[in-house]
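Below you'll find the structure, written out as structure tokens, and then a few comments.
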Amino acid sequence: MSGRETEQYGAKAQRWCAGSVLLALLSLFALPAWAQDEEQPVDACSGLEPAEVSVAENYNAHVGKTIAAIRFRTLDVFDTRDPREDNALYRFFNWLHVDTRKGVIESQLLFHTGEEIDPDRVAESERLLRTRPYLGNAFVVVDEICGDRVALLVTTRDIWTLDPQVNVGREGGENKHGFGFSEENLFGTGTTLTIGYDKDRDRSSTSVGFFSPHLFNTRLETILGFADTSDGQQTHLTVRQPFFSVQTPWAAGTRNFDITQDETIRYRDEDINEFKHAWELHEVSVAWAFDRSRERAHRLGVGVTQERHIFRATDETQMGLPVDENLVYPWLQYQYLENRFAVYRNLYMLHKTEDVATGMDTWVRIGYGGSDLGNDHEFVRYEASYSDVWGIGEHHLLQFTSTFEGRRYHNNELPSERVWSGDLGYHYLMGHKHRWYVQLRYDEGHQLAQHRELTLGGGHDMRGYPTDYQRGDKRYVFRVERRYISDVHLFNLLRLGAVMYVDAGRTWGAGYGEATHLSNVGLGLRMASSKAKTGKVLHLDLAFPLADKQYVDSFQWVITGSSQL
């Protein structure tokens with residue numbers, strides 16, 4: 001631990017870890033034979049391993065045949081056919097767990113009985129099911145052939161979703177802690193319910209959240225959230241029908257946020273300003289896929305958005321406040337999406353089937369707010385995004401993402417903020433266990449309000465430096481990682497990996513003076529549960545700064561949760 005005991009904890013990561021570690025500790029008393037960590041050979045028929053070839057290839061031979069029946073099979077969290085999981089403790093957890101209901105799975109399929117087999121819809125249904133946080137894996141196979149008719153079998157594997165949450169740590173010399181629980185498959189419905197309490201350096205909060213990706217087995221996605229914090233309140237309501245398939249003809253919804261909190265501005269590990277920020281966003285939208293096929297979709301959307309920002313001084317305010325904003329504007333959006341996917345393992349997760357979109361996804365949104373809508377100033381609001389992934393042979397994967405957003409006021413009556421970002425990533429897949437990852441990111445802003453300035457430092461960019469160690473309106477980050485994915489499957493619960501890395505970067509501009517080019521080296525452990533929270537990876541990093549060493553601690557111990565290795 002650093003001299004200042006600067007531990008950057010991700011609350012969600014620690015809560016995830018609590019559930020998995022609890023299962024692991026209980027497992028110590030279940031089977032003495034588990035002293036061996038390395039995987040042992042198991043009957044191939046007993047596992048839930050996806051086919052090595054694509055679903056489209058498997059189903060091409062059945063194109064034109066009618067789906068006579070759709071059968072369902074739900075596999076337990078623990079596979080008692082595996083001797084390593086055939087014990088009283090794991091059988092008890094299987095008994096305690098409520099299986100996902102058949103109707104929940106059936107309602108998400110893009111194919112139905114009486115239809116002809118469509119390989120693309122079968123593959124897309126598999127991908128859709130694998131995105132659900134309560135399923136560890138999903139695949140569809142032909143179960144029976146009867147002449148020109150077939151029966152399909154949809155197989156899913158549940159994961160452990162009842163998660164006791166405990167969070168204890170220190171950051172910046174101050175204690176942080178939290179507790180609560182999360183259930184991501186409430187009564188087998190695929191619904192998430194969370195209740196928790198957190199206290200960190202900035203605030204304490206009591207929160208409750210509800211999320212359903214398919215409310216009442218419909219296509220409606222619903223999010224409800226409320227938090228009572230020491231510096232305000234936070235509410236969130238989203239109800240929408242998304243484009244759940246590339247061939248979905250329309251989407252619509254509303255999203256609403258109302259957040260009040262203290263914004264703490266940090267620079268070189270010191271608090272230099274603070275103010276209260278009340279932020280509201282209300283939006284309704286509808287979109288149509290006016291040109292869609294198996295390979296691509298062109299979509300057009302319209303909507304109305306209100307953004308409101310109000311700033312007030314606190315006892316810790318030392319500098320000026322940002323300008324209040326109340327923006328109301330209709331907008332028009334165009335999106336172009338390519339429907340291409342590739343299946344990987346050990347790319348972002350540990351030993352998990354990953355569906356990676358390898359096609360272009362780009363969209364542009366532009367809106368106008370005039371005085372007739374109640375705006376104090378006329379403005380144009382714009383946003384754009386572009387992303388693409390290229391697989392080069394079997395061992396190389398290149399990714400690029402770029403975003404651009406901002407607002408321009410008529411006659412420059414207020415600061416016309418804008419920010420551009422570009423992110424290039426390269427994966428060298430040397431084999432099943434060994435990987436290289438290189439990332440280069442650049443961001444540039446213009447006339448940014450203080451709470452929107454670009455920052456550098458912390459567990460997600462420069463791991464050897466405190467959070468927001470540098471700030472400004474220009475930033476670059478360069479990262480090189482050497483990754484190792486182990487075959488160790490600890491108690492058949494936890495997957496392990498390791499990483500060595502070099503981070504380099506700098507943030508400058510916006511009147512903060514000359515900034516040093518920062519760099520650090522480090523190593524870390526990666527942990528992911530194979531039975532719970534399969535979309536998260538726990539990062540435990542030890543990073544050593546190489547620049548500005550006289551102003552920071554000799555090392556930083558960082559614990560974060562991430563959706564990537």
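The phi-based Karplus calculation (6.51 cos²θ - 1.76 cosθ + 1.60; θ = phi - 60°) puts the 3J(HN,Hα) values of the stretch 327-333 at 10, 10, 7, x, 8, 10, 10 Hz, whole numbers, x for Gly and Pro.
The calculated FRET efficiency for L546 paired with S416, based on their beta-carbon distance and R0 = 60 Å, is about 0.95.
Only lysines eight or more places from K352 in sequence, or on another chain, were considered; those with a Cα closer than 25 Å are K12, K102, K433, K531, K533, K536. For the chain, go through all pairs of different Cα atoms, get the mean of 1/r, take its inverse, and jot down that Kirkwood value in Å. Every distinct Cα pair counted, the radius reaches 26.0 Å.
By the rule of a C-alpha distance below 14 Å, with chain neighbours fewer than 8 residues away ignored, the aspartates and glutamates paired with K65 are E115, E116, D118, D143, E144, D148.
The phi-based Karplus calculation (6.51 cos²θ - 1.76 cosθ + 1.60; θ = phi - 60°) puts the 3J(HN,Hα) values of the stretch 434-447 at 10, 9, 10, 9, 10, 9, 10, 10, 9, 10, 9, x, 9, 6 Hz, whole numbers, x for Gly and Pro.
Residues within the reach of a label modelled at I259 (point 7 angstrom out along Cα to beta-carbon, backbone nitrogen below 16 Å), restricted to the stretch 226-245, are 226-238. For the stretch 209-330, the fraction of C-alpha pairs more than 18 angstrom apart is 66%. Remark on R266: its backbone amide H falls under 5 Å from those of I272, a criterion applied only to residues 5 or more positions apart or on other chains, H modelled at 1.01 Å from N. Expressed to the nearest 5 percent, the antiparallel share of DSSP beta bridges inside the chain is 95 percent. Take 468-475, 332-339, 214-221 and order them by the average number of nearby Cβ atoms within 10 Å per residue, most first; the result is 468-475, 332-339, 214-221. Each residue, V480 and L162, gets one label point 7 Å from its Cα in the Cβ direction; the gap between the two is 4.9 nm.
Only the coordinates and a few stated rules stand behind these numbers; no lab work does. Nothing here was measured: the structure is a model prediction, and the numbers come from that model. For neighbour counting, all protein chains shown are included, and Cβ atoms are generated from backbone atoms with ideal geometry for every residue, glycine included.
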